[in-house]
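Student: Input: one structure, supplied below.
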Amino acid sequence: MMSALSLRAHIETRYPSAFATYRRRDALRILTNIPEVDALTGGVPLHALTEICGMGKTSVLVSLLARASQEHYCALVDAKDAFNPATAEAAGADLSRLLWVRCGKTKQKLRPLEQAFKVTDMLLQSSGFGLIVVDLSDIGEQIVRNVPASSWFRFSRVVENQPTALVFVAQQPHATSCAGLVLKLAAEPATFSGKLLTNFNLNAVVLRTREKKGVQSATSDFSMKAQWA
């Protein structure tokens, strides 16, 4: 009769990973370059789906692209062609390392949201980008709300095996339970210089992280220079 140690050794010889301990991937992240947000979240995680929503999301997006494009090749899937590359470049983004996909600009029969999701699938399969951002900010909330949960789940499962941060920017969070990070922003009274908007105040709340599910009490208030829409 085999002893327990002999049996284990026999099994490990035939199946080397049979007794391997599963370890979660190291929490590699891309910083947003906004100190208050990075202190709150630790940055945007790779191998995970992230949602950034609420007022001020576009300014966070610009800052994230500026930081990420210094170290990674990035892709922006622009569902409604709202991106302003001049503003992003002024913020420090390296446009030579950014693929900008402008949905709705071809004669395809796909609607902008469907086209954005199809392109995102293709980009994830390419494995060539450290950051993929899908901007759904200008898609009607009712339309995004009707996206089936299986779509969000599929994206989260695919990106788990990719050295990529997948970020959806929208008015409200929708992937939630499939997301590794959900960051919600709210705008407070803005600062004007004459008739020109120069700064606005934001409140950031982490609704979900990989480590803790559900709403967290962690919040941060900060001020940012005004960016495009």
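Student: Using amide H atoms built 1.01 Å from N in the peptide plane, name the residues 5+ places from ALA165, or on other chains, whose amide H lies under 5 Å from its own.
Tutor: HIS47, LEU131, ILE132
Student: Report the full-extension gain for the segment GLU71 to THR13: residue separation times 0.36 nm, less the Cα-Cα distance, to one decimal in nm.
Tutor: 16.7 nm
Student: Continuing with this model, one more query. Taking segment 59-132, which trypsin sites (Lys or Arg not before Pro) meet the DSSP loop condition and have no more than 14 other C-beta atoms within 10 Å?
Tutor: LYS105, LYS107, LYS109
Student: If we count every other residue with Cβ under 11 angstrom of SER137's Cβ, Lys/Arg +1 and Asp/Glu -1, where does the sum land?
Tutor: So the environment of SER137 carries a net charge of -2.
Student: Over the Cα atoms of segment 113-180, what Rg and Dmax result, in angstrom?
Tutor: In order Rg, Dmax, the Cα atoms of segment 113-180 give 11.4, 32 Å.
Student: Give a quick list of trypsin sites (Lys or Arg not before Pro) in segment 24-65 that DSSP marks as loop, anything other than H, G, I, E or B, with at most 10 other Cβ atoms within 10 Å.
Tutor: Answer by residue number: ARG24.
Student: Can you tell me the length gained on complete extension of the stretch ASN84 to ARG210, counting 0.36 nm per residue apart and subtracting the Cα distance?
Tutor: Stretched fully, the ASN84-ARG210 segment lengthens by 42.2 nm.
Values quoted throughout were computed directly from the atomic coordinates according to the rules given, and no laboratory measurement underlies them. Quantities reported herein were computed from a predicted structural model and do not represent experimental measurements. All Cβ positions, glycine included, derive from the backbone under ideal geometry; neighbour counts span all protein chains shown.
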